[in-house]
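Participant: Mind looking over this structure? Questions follow.
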Amino acid sequence: MHDHFQILRPERQTNAVVFASPHSGRAYPAAFLAQTILNAQMIRSSEDAYVDQLFGDATRYGSPILNAVYPRAYIDLNRAADELDPALIMDAPRTPHNPRVASGLGVIPRVVSGGRLIYSGKIPLEQAQARIAQAWLPYHAALKLLLDETHRCFGQAILIDCHSMPHEAIEMHMRHGQRRADIVLGDRHGAAARGEVSDMIEAAFQSAGFKVARNAPFAGAYIAQSYGRPFARRDVVQIEIDRSLYMDEARIIPLAEFASVQRRISKAIGQITEWGRDQISVAAE
């Protein structure tokens, strides 16, 4: 394990699929905990808790998985490094209006879920830049390397960007009588992944018993936007899984159902990686 991220690799990578969990980090620096006005429980509310464990079987199927070490409340790896929030960061350069930054969800978040403030005031620009250098740059260098290696070996790279969503986020976007999705796939409406890749991933989760929706309410953010190049056979699909399926959201502890949800995700991983392997043999023929 690197200090700033964790890569779990199979003995040998056998397919073109890479998994990553940018929001499941839970190493809260002591200085940060001393600085926040939130308690130890509340600061964790925007964490994609246990997502790294849910997808941990990736290595069994011949795929690497990259996990964040630092938590999302400290630094958001699914934002651009220049998405600095002037309402939080002193002397932050003014940039064009950005709805994510305006809502407090820049690369250094101002709020956790529910819009609760993390700090009582502003933080220095140097502190924000130090976090980006310490956590953001190493994670993205590792991700780029994994995808470049995979593309070089297999002629394509498929990134599964693994996240979880609060149950209320799904409830709020439901139309009357609509079936609630367990999983939302985001491929930026086809801009981040080939249709056949998104179709295959959707089918894999459906066959594992999940109800799947696409691009609403989450279509994919910075990682899907930056790394998704479907025309170059570099596909990114963001996966958001309803937290209430596997954990008590208020207490941030796994439910009794955790192991069965993990098994179902593992089944989907098996199908996705098998497709990633079959593609290689087709290309080789």
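Participant: For region 31-99, take every pair of Cα atoms, bin their distances at 5 Å starting from 0, and report each bin as a whole percent.
Facilitator: 3, 12, 17, 18, 17, 14, 9, 6, 3, 0
Participant: Work the Kirkwood hydrodynamic radius out for the chain: mean of 1/r over every pair of different alpha-carbon atoms, inverted, in Å.
Facilitator: Details: mean 1/r = 0.0519 Å⁻¹.
Computed over the chain, the radius equals 19.3 Å.
Participant: On to the next question. Going by the alpha-carbon gyration tensor, a ≥ b ≥ c the square roots of its eigenvalues, is region 230-270 rounded (a/c under 1.5) or, if a/c is not under 1.5, prolate (a/b greater than b/c) versus oblate? Don't skip to the end; give the middle numbers.
Facilitator: Details: a/c = 5.27, a/b = 2.04, b/c = 2.59.
Verdict is oblate for region 230-270.
Participant: Quick one, could you list the DSSP H helices from the chain stretching 30 Å or more along their long axis (Cα atoms) with average Kyte-Doolittle hydropathy of -1.0 or above?
Facilitator: On the way: long enough: 258-284 (39 Å, -0.12).
Result, helices passing both filters: 258-284.
Participant: Mind putting a number on the dipole of the chain about its Cα centre? Charges go on the C-beta only, +1 for Lys and Arg and -1 for Asp and Glu, and I need it in Debye to the nearest 20. Mind dumping the intermediate values first?
Facilitator: Details: 31 positive and 31 negative charges, 40 e Å.
Dipole size: approximately 200 debye.
Participant: Same structure again: Let me know the whole percent of all Cα-Cα pairs from region 3-132 that are separated by more than 18 Å.
Facilitator: Working: 4686 of 8385 pairs.
It works out to 56 percent of all Cα pairs.
Participant: Moving on. Just the ratio, please: alpha-carbon radius of gyration of region 107-210 over 2.2 N^0.38 Å, N its number of residues. Walk me through the numbers before you get to the answer.
Facilitator: Working: Rg = 18.6 Å, N = 104, 2.2 N^0.38 = 12.8 Å.
Taking N as the residue count of region 107-210, the ratio is 1.45.
Participant: Next question. What is region 206-285 by shape, rounded, prolate or oblate, if you read a ≥ b ≥ c off the alpha carbon gyration tensor as root eigenvalues and call it rounded for a/c under 1.5, prolate for a/b larger than b/c, and oblate otherwise?
Facilitator: On the way: a/c = 2.89, a/b = 1.51, b/c = 1.91.
Cα axes put region 206-285 in the oblate bin.
Participant: Expressed as a whole number of Å, what is the distance separating the alpha-carbon centroids of region 1-76 and region 91-147?
Facilitator: That distance is 17 Å.
Participant: Another question, if that's okay. Starting from the Cα-Cα distance between Lys211 and Leu137, subtract it from 0.36 nm times their residue separation and give me the gain in nm to one decimal.
Facilitator: Working: separation 74, 0.36 × 74 = 26.64 nm, distance 3.51 nm.
Residue separation times 0.36 nm, minus the Cα-Cα distance, leaves 23.1 nm.
Participant: Once every DSSP H run of n ≥ 4 in the chain is given -39500 (n - 2.57) and the sum is divided by its residues, what mean residue ellipticity at 222 nm do you get, rounded to the nearest 500 deg cm²/dmol?
Facilitator: Numbers: 9 runs with 91 residues, N = 285.
About -9500 deg cm²/dmol.
Participant: Please report Rg (one decimal) and Dmax (integer) in Å for the Cα set of region 132-173.
Facilitator: Answer for region 132-173, Rg first and Dmax second: 15.5, 43 Å.
Participant: Over the chain, with the other protein chains present, what is the accessible area per residue in square angstrom, probe 1.4 angstrom?
Facilitator: Accessible area per residue, the chain: 44 Å².
Participant: How much FRET efficiency would the formula 1/(1 + (r/R0)^6) give for Leu8 and Tyr119, where r is the Cβ-Cβ distance and R0 is 41 Å, rounded to 0.05? Each step should come with its number before you reach the end.
Facilitator: Details: r = 33 Å, r/R0 = 0.80.
So, using R0 = 41 Å, E works out to roughly 0.80.
Participant: Then there is this: Suppose we keep just the DSSP beta bridges with both residues in the chain; what percent of those would be antiparallel, to 5?
Facilitator: On the way: 12 of 32 bridges.
So the antiparallel bridges amount to about 40 percent of the total.
Participant: On to the next question. Can you pull the percent of the chain's accessible area that's carbon plus sulfur, 1.4 Å probe, other chains left in place? Before the final figure, lay out each step's value.
Facilitator: On the way: 6630 of 12490 Å².
C and S fraction of accessible area: 53 percent.
Participant: Based on the alpha-carbon gyration tensor of region 150-249 and its eigenvalue square roots a ≥ b ≥ c, which shape applies: rounded if a/c is under 1.5, prolate if not and a/b is larger than b/c, or oblate?
Facilitator: On the way: a/c = 2.03, a/b = 1.96, b/c = 1.04.
It comes out prolate by the Cα gyration axes.
Participant: I would also like to ask the following. Determine, from the Cβ-Cβ distance of Ser226 and Gln129 and an R0 of 22 Å, the FRET efficiency 1/(1 + (r/R0)^6), rounded to the nearest 0.05. Walk me through the intermediate numbers first.
Facilitator: Numbers: r = 20 Å, r/R0 = 0.90.
It comes out at approximately 0.65.
Participant: Check each of the GluC sites (Glu not before Pro) in region 1-105 and keep only those in coil by DSSP with at most 10 other C-beta atoms within 10 angstrom; list them in order. Could the numbers behind the result be given before it?
Facilitator: Values: sites: Glu11, Glu47, Glu83; in loops: Glu11, Glu47, Glu83.
Qualifying residues, ordered by number: Glu11.
Participant: Let me ask something else. Return the distance in nm (one decimal) between the two label points of a simple spin-label model at Lys144 and Lys267, each offset 7 Å from Cα along Cα→Cβ.
Facilitator: With each label placed 7 Å out from Cα toward Cβ, I get 4.0 nm.
The values are calculated or read from the model by the stated rules, or taken from the named source; none is laboratory data. Since we're looking at a predicted model, the values are computed, not measured. We place every Cβ from the backbone using ideal geometry, glycine too, and count neighbours over all the protein chains shown. Keep in mind that these areas ignore ligands, DNA and RNA; they rest on the heavy atoms of the full protein, side chains included. Shrake-Rupley method; radii C 1.70, N 1.55, O 1.52, S 1.80 Å.
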